[in-house]
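For reference, the structure discussed in these notes is given below.
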Amino acid sequence: MQKEYRKEKTLYVSDLDGTLLRSDETLSDYTCEVINRLTEEGVLFSYATARSVITARKATKGLNAKIPVIVYNGAFVIDNVSGEVLLSNYFGTDAEMILQELLEHDVRPIVYSLYGGRERFCYVVSRQTEGMKFFVESRKGDPRETPVSSEEELFGGDIFYFSCIDEPEKLLSLYERFQEKHHCIYHKDIYSGAQWLEILPVNASKANAVMQLKRYLNCEKVVAFGDGKNDMDMFEMADSCYAVSNAVEELKAVADGVIGSNNDDSVAKWLEQQFAAGKN
(Lines give C-alpha, C1' and ligand atoms only; values in the text may rest on other atoms or scores of the structure.)
Protein backbone atom coordinates (compact mmCIF):
# COMPACT_ATOMS: atom_id res chain seq x y z
CA MET A 1 0.00 0.00 0.00
CA GLN A 2 1.40 3.40 -0.97
CA LYS A 3 1.89 6.05 1.65
CA GLU A 4 0.54 9.51 0.86
CA TYR A 5 3.49 11.78 1.61
CA ARG A 6 2.62 14.84 -0.42
CA LYS A 7 0.06 17.59 -0.25
CA GLU A 8 1.20 18.46 -3.75
CA LYS A 9 2.35 15.92 -6.31
CA THR A 10 6.09 16.48 -6.65
CA LEU A 11 8.62 15.20 -9.16
CA TYR A 12 12.17 14.77 -7.81
CA VAL A 13 14.85 14.86 -10.50
CA SER A 14 18.57 14.31 -9.98
CA ASP A 15 21.54 14.63 -12.26
CA LEU A 16 23.73 11.49 -12.29
CA ASP A 17 27.46 12.16 -12.70
CA GLY A 18 28.84 14.19 -9.83
CA THR A 19 25.45 14.26 -8.09
CA LEU A 20 23.67 10.95 -7.55
CA LEU A 21 26.66 8.86 -8.68
CA ARG A 22 29.82 8.66 -6.64
CA SER A 23 33.14 9.66 -8.19
CA ASP A 24 33.75 6.05 -9.24
CA GLU A 25 30.57 6.24 -11.37
CA THR A 26 28.55 3.90 -9.13
CA LEU A 27 25.64 4.10 -6.70
CA SER A 28 26.03 2.96 -3.13
CA ASP A 29 23.79 0.26 -1.69
CA TYR A 30 22.39 2.90 0.66
CA THR A 31 21.32 5.24 -2.16
CA CYS A 32 19.70 2.37 -4.06
CA GLU A 33 17.87 1.15 -0.96
CA VAL A 34 16.52 4.59 -0.04
CA ILE A 35 15.35 5.53 -3.52
CA ASN A 36 13.91 2.11 -4.27
CA ARG A 37 11.98 2.14 -1.00
CA LEU A 38 10.65 5.66 -1.49
CA THR A 39 9.57 5.04 -5.08
CA GLU A 40 7.75 1.88 -3.95
CA GLU A 41 5.94 4.08 -1.42
CA GLY A 42 4.82 6.51 -4.09
CA VAL A 43 7.61 9.06 -4.42
CA LEU A 44 8.11 10.19 -8.04
CA PHE A 45 11.85 10.12 -8.63
CA SER A 46 13.72 10.30 -11.91
CA TYR A 47 17.12 11.32 -13.23
CA ALA A 48 18.27 13.67 -15.98
CA THR A 49 21.67 12.91 -17.43
CA ALA A 50 23.99 13.61 -20.33
CA ARG A 51 24.49 9.85 -20.59
CA SER A 52 22.70 7.55 -23.00
CA VAL A 53 20.14 5.10 -21.64
CA ILE A 54 22.75 2.31 -22.06
CA THR A 55 25.47 3.92 -19.94
CA ALA A 56 22.91 5.37 -17.49
CA ARG A 57 21.47 1.92 -16.79
CA LYS A 58 24.97 0.52 -16.32
CA ALA A 59 25.86 3.25 -13.82
CA THR A 60 22.54 3.02 -11.94
CA LYS A 61 22.53 -0.75 -11.56
CA GLY A 62 20.41 -1.56 -8.52
CA LEU A 63 18.18 1.49 -8.91
CA ASN A 64 14.61 0.58 -9.86
CA ALA A 65 13.27 3.80 -11.38
CA LYS A 66 9.92 2.86 -12.89
CA ILE A 67 9.06 6.21 -14.42
CA PRO A 68 10.55 7.88 -17.52
CA VAL A 69 14.13 9.10 -17.36
CA ILE A 70 15.86 11.92 -19.23
CA VAL A 71 19.00 11.10 -21.23
CA TYR A 72 21.38 12.93 -23.59
CA ASN A 73 20.82 16.20 -21.68
CA GLY A 74 17.16 16.20 -22.66
CA ALA A 75 17.37 14.96 -26.27
CA PHE A 76 15.29 11.93 -25.25
CA VAL A 77 12.84 10.93 -22.55
CA ILE A 78 12.82 7.14 -22.20
CA ASP A 79 10.51 4.72 -20.40
CA ASN A 80 13.01 3.07 -18.08
CA VAL A 81 11.05 -0.19 -17.98
CA SER A 82 10.18 -0.81 -21.65
CA GLY A 83 12.92 1.30 -23.24
CA GLU A 84 10.29 3.08 -25.35
CA VAL A 85 11.24 6.56 -26.58
CA LEU A 86 8.55 8.92 -25.29
CA LEU A 87 10.12 12.16 -26.54
CA SER A 88 12.86 12.79 -29.10
CA ASN A 89 14.64 15.82 -30.57
CA TYR A 90 16.67 15.76 -33.79
CA PHE A 91 18.54 18.47 -35.69
CA GLY A 92 16.99 17.87 -39.10
CA THR A 93 18.65 19.83 -41.91
CA ASP A 94 20.76 21.89 -39.47
CA ALA A 95 22.93 18.87 -38.67
CA GLU A 96 24.87 18.92 -41.93
CA MET A 97 25.60 22.64 -41.63
CA ILE A 98 26.81 22.27 -38.03
CA LEU A 99 29.04 19.34 -38.88
CA GLN A 100 30.49 21.09 -41.92
CA GLU A 101 31.36 24.14 -39.86
CA LEU A 102 33.00 22.05 -37.13
CA LEU A 103 35.16 20.32 -39.73
CA GLU A 104 36.11 23.67 -41.28
CA HIS A 105 37.37 24.76 -37.85
CA ASP A 106 39.46 21.59 -37.53
CA VAL A 107 37.17 20.04 -34.92
CA ARG A 108 36.24 16.38 -35.41
CA PRO A 109 33.22 15.71 -33.21
CA ILE A 110 31.69 12.54 -31.87
CA VAL A 111 28.39 12.39 -33.77
CA TYR A 112 25.31 10.72 -32.27
CA SER A 113 22.56 9.60 -34.61
CA LEU A 114 19.88 7.08 -35.35
CA TYR A 115 21.14 5.33 -38.49
CA GLY A 116 19.38 2.45 -40.19
CA GLY A 117 17.25 1.91 -37.11
CA ARG A 118 20.32 1.67 -34.86
CA GLU A 119 21.58 4.26 -32.41
CA ARG A 120 25.26 5.01 -32.92
CA PHE A 121 28.07 7.37 -32.03
CA CYS A 122 30.80 7.69 -34.59
CA TYR A 123 34.20 9.35 -34.73
CA VAL A 124 37.18 9.48 -37.10
CA VAL A 125 39.73 7.08 -35.64
CA SER A 126 42.78 8.91 -37.01
CA ARG A 127 41.65 12.32 -35.70
CA GLN A 128 41.01 11.66 -32.03
CA THR A 129 42.15 14.10 -29.36
CA GLU A 130 43.38 12.77 -26.02
CA GLY A 131 40.02 13.66 -24.50
CA MET A 132 38.23 11.69 -27.20
CA LYS A 133 40.48 8.69 -26.60
CA PHE A 134 39.61 8.81 -22.89
CA PHE A 135 35.90 8.90 -23.73
CA VAL A 136 36.08 6.08 -26.27
CA GLU A 137 38.10 3.90 -23.90
CA SER A 138 35.43 4.39 -21.22
CA ARG A 139 32.80 3.12 -23.68
CA LYS A 140 34.51 -0.10 -24.73
CA GLY A 141 31.94 -2.76 -25.58
CA ASP A 142 29.21 -0.18 -26.16
CA PRO A 143 27.09 -1.42 -29.10
CA ARG A 144 26.66 2.16 -30.32
CA GLU A 145 30.38 2.69 -30.95
CA THR A 146 31.02 3.19 -34.66
CA PRO A 147 34.60 4.15 -35.53
CA VAL A 148 34.98 5.46 -39.08
CA SER A 149 37.95 6.19 -41.34
CA SER A 150 36.77 9.37 -43.08
CA GLU A 151 34.95 12.60 -42.28
CA GLU A 152 32.32 11.82 -44.93
CA GLU A 153 31.18 8.85 -42.87
CA LEU A 154 30.19 11.16 -40.01
CA PHE A 155 27.27 12.42 -42.10
CA GLY A 156 24.09 10.43 -42.36
CA GLY A 157 21.18 9.26 -40.25
CA ASP A 158 19.06 11.36 -37.91
CA ILE A 159 21.64 13.32 -35.92
CA PHE A 160 20.68 14.52 -32.45
CA TYR A 161 23.92 15.30 -30.60
CA PHE A 162 27.49 16.50 -31.19
CA SER A 163 30.24 16.09 -28.59
CA CYS A 164 33.37 18.09 -29.34
CA ILE A 165 36.39 17.35 -27.13
CA ASP A 166 39.29 19.61 -28.05
CA GLU A 167 41.35 22.64 -27.05
CA PRO A 168 39.41 25.40 -25.24
CA GLU A 169 40.56 28.12 -27.64
CA LYS A 170 39.06 26.17 -30.55
CA LEU A 171 35.80 25.32 -28.83
CA LEU A 172 34.97 28.62 -27.12
CA SER A 173 34.50 30.57 -30.36
CA LEU A 174 32.30 27.77 -31.72
CA TYR A 175 30.25 27.80 -28.51
CA GLU A 176 29.69 31.55 -28.86
CA ARG A 177 28.70 31.09 -32.49
CA PHE A 178 26.35 28.12 -32.12
CA GLN A 179 24.60 29.03 -28.87
CA GLU A 180 22.38 31.59 -30.60
CA LYS A 181 20.55 28.88 -32.58
CA HIS A 182 21.17 25.67 -30.65
CA HIS A 183 21.38 24.38 -27.10
CA CYS A 184 25.11 24.37 -26.31
CA ILE A 185 27.01 23.29 -23.19
CA TYR A 186 30.64 24.36 -22.75
CA HIS A 187 32.28 22.64 -19.78
CA LYS A 188 35.15 20.51 -18.52
CA ASP A 189 34.58 16.79 -18.11
CA ILE A 190 34.62 15.87 -14.40
CA TYR A 191 36.51 12.62 -15.04
CA SER A 192 39.18 13.55 -17.61
CA GLY A 193 39.36 17.32 -17.16
CA ALA A 194 39.11 17.72 -20.95
CA GLN A 195 37.24 20.65 -22.47
CA TRP A 196 33.89 19.70 -24.02
CA LEU A 197 31.44 21.50 -26.25
CA GLU A 198 28.11 19.71 -26.60
CA ILE A 199 25.66 20.87 -29.26
CA LEU A 200 22.00 19.81 -29.18
CA PRO A 201 18.78 20.84 -30.92
CA VAL A 202 17.40 24.04 -29.42
CA ASN A 203 14.48 22.23 -27.77
CA ALA A 204 16.69 19.54 -26.25
CA SER A 205 17.50 20.56 -22.69
CA LYS A 206 17.09 19.13 -19.23
CA ALA A 207 14.67 21.94 -18.40
CA ASN A 208 12.36 21.25 -21.36
CA ALA A 209 12.46 17.50 -20.75
CA VAL A 210 11.69 17.94 -17.03
CA MET A 211 8.76 20.21 -17.88
CA GLN A 212 7.40 17.61 -20.28
CA LEU A 213 7.87 14.86 -17.71
CA LYS A 214 6.17 17.02 -15.09
CA ARG A 215 3.13 17.36 -17.36
CA TYR A 216 3.24 13.67 -18.29
CA LEU A 217 3.06 12.70 -14.62
CA ASN A 218 0.59 15.46 -13.69
CA CYS A 219 2.90 16.93 -11.06
CA GLU A 220 2.55 20.37 -9.49
CA LYS A 221 6.13 20.82 -8.34
CA VAL A 222 9.70 19.92 -9.32
CA VAL A 223 12.65 19.52 -6.95
CA ALA A 224 16.02 19.22 -8.69
CA PHE A 225 19.54 18.16 -7.68
CA GLY A 226 22.74 18.78 -9.65
CA ASP A 227 26.40 19.68 -9.81
CA GLY A 228 27.29 21.10 -13.24
CA LYS A 229 26.64 23.88 -15.71
CA ASN A 230 24.39 21.59 -17.72
CA ASP A 231 22.03 21.53 -14.70
CA MET A 232 21.60 25.31 -14.72
CA ASP A 233 18.50 25.40 -16.90
CA MET A 234 16.90 22.62 -14.86
CA PHE A 235 17.54 24.60 -11.67
CA GLU A 236 16.01 27.74 -13.17
CA MET A 237 12.70 25.99 -13.93
CA ALA A 238 12.50 23.91 -10.72
CA ASP A 239 10.40 24.99 -7.75
CA SER A 240 13.27 24.01 -5.43
CA CYS A 241 16.84 23.12 -6.34
CA TYR A 242 19.83 21.82 -4.39
CA ALA A 243 23.48 21.68 -5.42
CA VAL A 244 25.87 19.11 -4.01
CA SER A 245 28.91 20.55 -2.24
CA ASN A 246 31.21 19.53 -5.11
CA ALA A 247 29.10 21.49 -7.63
CA VAL A 248 30.48 24.34 -9.74
CA GLU A 249 30.16 27.74 -8.09
CA GLU A 250 27.78 29.03 -10.77
CA LEU A 251 25.25 26.34 -9.84
CA LYS A 252 25.64 26.87 -6.11
CA ALA A 253 24.89 30.56 -6.66
CA VAL A 254 21.40 29.84 -8.04
CA ALA A 255 20.58 26.89 -5.74
CA ASP A 256 18.11 27.11 -2.86
CA GLY A 257 20.58 25.14 -0.77
CA VAL A 258 23.86 23.23 -0.83
CA ILE A 259 23.83 19.67 0.48
CA GLY A 260 26.75 17.24 1.03
CA SER A 261 28.95 15.80 -1.69
CA ASN A 262 28.15 13.16 -4.27
CA ASN A 263 30.41 10.74 -2.41
CA ASP A 264 28.33 11.05 0.78
CA ASP A 265 24.96 9.81 -0.57
CA SER A 266 23.71 13.35 -0.12
CA VAL A 267 20.70 13.22 -2.45
CA ALA A 268 19.43 10.01 -0.85
CA LYS A 269 20.05 11.41 2.64
CA TRP A 270 18.14 14.59 1.78
CA LEU A 271 15.20 12.60 0.45
CA GLU A 272 15.15 10.25 3.43
CA GLN A 273 15.24 13.13 5.90
CA GLN A 274 12.46 15.00 4.10
CA PHE A 275 10.10 12.06 4.01
CA ALA A 276 10.97 10.89 7.51
CA ALA A 277 9.79 14.35 8.62
CA GLY A 278 6.65 14.03 6.49
CA LYS A 279 7.62 16.98 4.31
CA ASN A 280 6.71 17.66 0.70
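The values are calculated or read from the model by the stated rules, or taken from the named source; none is laboratory data. Keep in mind that this is a model prediction, so the values were computed, not measured. Note: ideal-geometry Cβ built from the backbone for every residue, glycine included; neighbour counts use all protein chains shown. SASA here: full protein model, heavy atoms, side chains in, ligands and nucleic acids out. Shrake-Rupley method; radii C 1.70, N 1.55, O 1.52, S 1.80 Å.
Couple of notes before you dig in:
- Of LYS188/LYS214; LYS61/LYS206; LYS9/LYS58, pairs whose Cα-Cα distance is over 24 Å: LYS188/LYS214; LYS9/LYS58
- Modelled spin-label separation between GLU40 and ASP256, with each label point placed 7 Å from Cα along the Cα-to-Cβ direction: 2.8 nm.
- In degrees, nearest ten, helix 206-216 long axis to first principal axis of the chain (Cα): 50 degrees
- Based on DSSP H segments of at least four residues, each scored -39500 (n - 2.57), the chain has a per-residue ellipticity at 222 nm of -8500 deg cm²/dmol.
- Straight Cα distances below 18 angstrom link LYS181 to the aspartates and glutamates ASP94, GLU96, GLU101, GLU198, ASP233, with same-chain residues fewer than 8 positions distant left out.
- The longest part of the chain holding none of the exposed loop GluC sites (Glu not before Pro), meaning those outside H, G, I, E and B in DSSP with at most 12 other Cβ atoms within 10 Å, is 181-280.
- Pairwise label distance in nanometres, GLN179 with ASN64, each label 7 Å out on the Cα-Cβ vector: 4.3 nm
- Solvent-accessible area per residue for the chain (1.4 angstrom probe, square angstrom): 45 Å²
- Anchor LYS140: aspartates and glutamates whose Cα lies under 20 Å away (excluding residues fewer than 8 positions away in-chain): ASP17, ASP24, GLU25, GLU119, GLU130, ASP189
- Listed options for Rg and Dmax of the Cα atoms in Å are (i) 20.3, 85; (ii) 18.7, 60; (iii) 25.3, 104. The value calculated from this structure is the one marked (ii).
- Computed from the Cβ-Cβ distance with R0 of 41 Å, the FRET efficiency linking GLU25 to THR93 stands at 0.70.
- Accessible-area composition of the chain, carbon plus sulfur, in percent [1.4 Å probe]: 47 percent
- Extension gain, GLU33-LYS269: 0.36 nm per intervening residue step, less the Cα-Cα distance, totals 83.9 nm.
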